[in-house]
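Any read-out appearing in this document is the output of simple, stated calculations on the displayed coordinates, not a laboratory observation. This structure is a prediction, so every number in the text was calculated from the model and none was measured. So basically every Cβ, Gly included, is an ideal-geometry build from the backbone, and we count neighbours across all protein chains shown.
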Amino acid sequence: MNSTKLDRRITILNWTAVATMIINLAVVFLYAPPEKLMGNVQRIFYFHVGAAWVGAVAFFVALVAGILYLRKPDRKYDTIALASVEIGLIFLSMATVAGSVWGKPAWNTWWLWSPRLTMITVAWLTYAAYFMLRGAIEDEEKRGRFAAVYVIVAFLTIILTFLSVRLMRDIHPVLVGGMADSAKGAEQGLQEFEDGLATKMIISLNISVINFSVLFTAWLFNRIRLQHLNESVTALKMRLSNR
Amino acid sequence: MKPTTSSFFSTAWTIAWKDLQIEKHTRQIMSVMVMFSLVTVVMFNFALETNLDAARNVATGLLWATILLAGTLGLNRTMAVERENQAMDTLLMAPINRNAIYAGKVLSTTIFTLALELILVLLFIVFFNKPLWRPPVLLILFLGTIGYVAAGVLIASMSIQTRARDVLLPVLLLPLSLPLVLPAAMATAAYMFPQQPLFAEVQTPIMLIMLYDALMLTAGFTTYHYIVES
């Protein structure tokens, strides 16, 4: 794809993201009903789930890009993997902060070592280390190769962590009740309403997830473009110094 | 040359044997790992001095933490050996399967780590008075070590080739081994009571450890040649 075509697509994507964000804000604050027990603070739930969703999708995209890079070492795939991990990590942090803010009124604590929170921590650490690895390799081709291998192993770790943390429930039933599990809690939260209101909440949640998916796509392309610009600047600098 | 199965295993064993011979003469890996573990255990004892019961309760977690931390030292050392005098380049020039090199490295590092664990188990029995000699505990230690080393050799082969060298390994490897520590420490802790648990109680954690082993070995065998090619 040439750069002008890419630029035009990015502009369209950016405006779509802005539009869906406005719709999403309106839906979350005006259309969605307030939660019965927690009140308005529950509205953070829509952003929390949206951000966590983007985190999961981004890491999956990075995994696919990593596998593709190993099959065919094209710089394009490395750029996609890098962009995805970066965005995924940021959205994961947003989901964690939003969840923490929501956790304070809901559980009366900012943080618990519940299975899901443990998993998020492991995922965060694993993908943060990805940048340490990249930063320590100068050779571009080698960096791409190592980063691709790492991103595959990292994804395996997340799957294994997901399975492992289930144990915490099995062995320590006292430690982890229904309350501590955020998703389950949300489910219960939704079920407390009469059908009409719960449906409104589910619709709002879906709109939120769609909005965040658009936002992710827009960010991804912007980040790829940024990387292209970065590379051309480096190339220009090289040409200048070789004169 | 088409590598056959028997040549694969004999190559892997030769590489592991070479590491064992080097260790026999220099004793640098074991001495560093053992000294580090000793210091760590003593340090934990001091840190938890005010509450000895707490120290006993967290003993199994401490055991695993010590193994993982000392393991990074051992891994760095076994990889550094290959880097010095360009030994790795020579290995790669030889007409042998890349995966045999990986298997050999996993084998030798596993042997070193298991030897360390033997010493650590004795230390923990003395310091924390826990029944760590029970065969299921030793089996859990063995299974956990395979997975940890399988991931460790892969990551260490990468980190040793970077600018940061040995500093990078713990940062990369420890988060990756968290899903192993969780079930391993849990299964070990289940055996610390006078009464042994039923197998059904520890079945899931042990299955998870074996799953970790299988996945990390698969990842290692499928991606190792991407890491060592130059």
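A few comments on the model shown:
- Cα→Cβ-extended label distance, 7 Å offset, between A:Ile67 and A:Met21, nm: 3.2 nm
- Low-density loop cleavage sites - GluC sites (Glu not before Pro) in region A:75-176, where at most 15 other Cβ are within 10 Å (DSSP): A:Glu138
- Volume in Å³ per residue [convex hull over Cα atoms, computed for the protein assembly as shown]: 191 Å³
- Projected label points at B:Arg56 and B:Met43, each 7 Å from Cα along the beta carbon direction, are separated by 2.6 nanometres.
- Low-density loop cleavage sites - chymotrypsin sites (Phe, Trp or Tyr not before Pro) in region B:130-221, where at most 15 other Cβ are within 10 Å (DSSP): B:Trp133
- Tail weight of P(r) past 24 Å, computed on alpha-carbon pairs of region A:58-156, percent: 30 percent
- The mean count of C-beta atoms from other chains within 10 Å of the C-beta of residues in B:214-223, rounded to a whole number, is 3.
- Relative to the dominant Cα principal axis of chain A, helix A:182-191 is inclined by about 50°.
- With at most 14 neighbouring Cβ atoms within 10 Å, loop trypsin sites (Lys or Arg not before Pro) (DSSP) excluded, longest segment of chain B: B:28-162
- With a 10 Å cut-off around each Cβ of A:146-155, the average count of Cβ atoms from other chains is 5.
- With contacts taken as Cα pairs under 8 Å at a separation of at least 6 residues, chain B carries a relative contact order of 25 percent.
- What the phi angles of region A:211-225 give under the Karplus curve with 6.51, -1.76 and 1.60, with θ = phi - 60°, is a coupling list of 4, 5, 5, 4, 4, 4, 4, 4, 4, 4, 5, 4, 5, 5, 4 Hz, glycine and proline written as x.
- Per residue of B:169-175, other chain Cβ atoms within 10 Å of the residue Cβ number 5 on average.
- Gaussian network model of chain B, springs between alpha carbon atoms under 10 Å - residue of B:Ser31, B:Ser159, B:Ser177 with greatest fluctuation: B:Ser31
- Highest-MSF residue in chain A out of A:Ile152, A:Ile22, A:Ile120 [GNM, Cα springs under 10 Å]: A:Ile22
- A Förster distance of 45 Å, applied to the separation of the beta-carbon atoms of B:Glu84 and B:Leu122, puts the FRET efficiency at 0.90.
- Computed with the Debye formula from one identical point scatterer per Cα of region B:5-228, without solvent, the log10 of I(q)/I(0) at q = 0.14, 0.16, 0.17 Å⁻¹ comes to -0.87, -1.10, -1.22.
- Principal-axis tilt of helix A:115-135 within chain A, Cα atoms, nearest 10 degrees: 10 degrees
- Highest mean packing comes first when the peptides A:213-219, B:183-189 are listed by Cβ atoms within 10 Å, giving B:183-189, A:213-219.
- Three principal axis lengths of region A:41-242 [C-alpha, angstrom, descending]: 70, 37, 28
- Selected from B:Val149, B:Val39, B:Val121 as most flexible by GNM, with chain B as the system and alpha-carbon contacts under 10 Å: B:Val39
- Between the listed residues A:Gly135, A:Val233, A:Pro105, the Cα displaced farthest toward the positive end of the dipole of region A:41-242, a dipole computed from Cβ unit charges relative to the Cα centre, is found at A:Val233.
- Structural descriptor for chain A: relative contact order 32 percent, calculated from alpha carbon pairs under 8 angstrom and at least 6 residues apart.
- With a simple spin-label model that places each label point 7 Å from the Cα along the Cα-to-Cβ direction, the separation between A:Leu229 and B:Glu201 comes to 6.1 nm.
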